[in-house]
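Chemist: Supplied in structure tokens, the structure appears directly below.
The values are calculated or read from the model by the stated rules, or taken from the named source; none is laboratory data. Not measured: the values here are computed from a predicted model. Methodologically, a virtual Cβ is constructed for each residue, glycine included, from the backbone with ideal geometry; neighbour enumeration extends over all protein chains shown. These accessible areas exclude ligands, DNA and RNA; they are computed on the full protein's heavy atoms, side chains included. Shrake-Rupley method; radii C 1.70, N 1.55, O 1.52, S 1.80 Å.
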Amino acid sequence: MLIVKRPTKRHFTEAARAAAKEARRRKKEEKVERDLPEVFVVRREVDQRTFGWEIRLFGGVILHRSDAEFETIASARADGLQVLAQVVLAPGRTALRG
């Protein structure tokens, strides 16, 4: 099956193209270690405006989840980063569960 791409009406300036090219170059240079866990801020309930955090590996494997609810994204992220630092830097710890 032949797929024909239609021309786009979007117009990119040379400055925008140069900025995008530079951003792609920087991302390629900054190697992100995929085997390190990260903190993700999530909504606690669909109806509520509270947040929580999850420590994930590879972006999808949940290793640890907050029990507390936070009013702001910033407070949830700060608490999650604090727990991540304690768990990752704890001597002799090989897993984040529990």
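Chemist: So is residue 36 at pLDDT 90 or above, open to solvent by 50 Å² or more (accessible area, probe 1.4 Å) and among the hydrophobic types (A, V, I, L, M, F, W, C) or not?
Modeler: no
Chemist: Which residues, taken from region 4-19, are open to solvent by 100 Å² or more (accessible area, probe 1.4 Å) and at pLDDT 80 or above?
Modeler: 14, 17
Chemist: Might you let me know whether region 45-55 holds any residue that is part of a loop (DSSP other than H, G, I, E, B), of a type in the set (Gly, Ala, Ser) and either farther than 17 Å from residue 85 by Cα or open to solvent by less than 100 Å² (accessible area, probe 1.4 Å) (or both)?
Modeler: Checked against the condition, which is being part of a loop (DSSP other than H, G, I, E, B), of a type in the set (Gly, Ala, Ser) and either farther than 17 Å from residue 85 by Cα or open to solvent by less than 100 Å² (accessible area, probe 1.4 Å) (or both), region 45-55 yields no hits at all.
Chemist: Still on this structure, I have one more. When you scan region 56-82, how many residues do you find that are part of a strand (DSSP E or B) and within 12 Å of the chain's Cα centre (by Cα)?
Modeler: Counting residues in region 56-82 that are part of a strand (DSSP E or B) and within 12 Å of the chain's Cα centre (by Cα) gives 2.
Chemist: Return the pair list, or none, for Cβ contacts closer than 8 Å from residues in region 32-58 that are acidic (Asp, Glu) to residues that are assigned to a loop (DSSP other than H, G, I, E, B) and at pLDDT 90 or above, at least 6 apart or on different chains.
Modeler: 54/66
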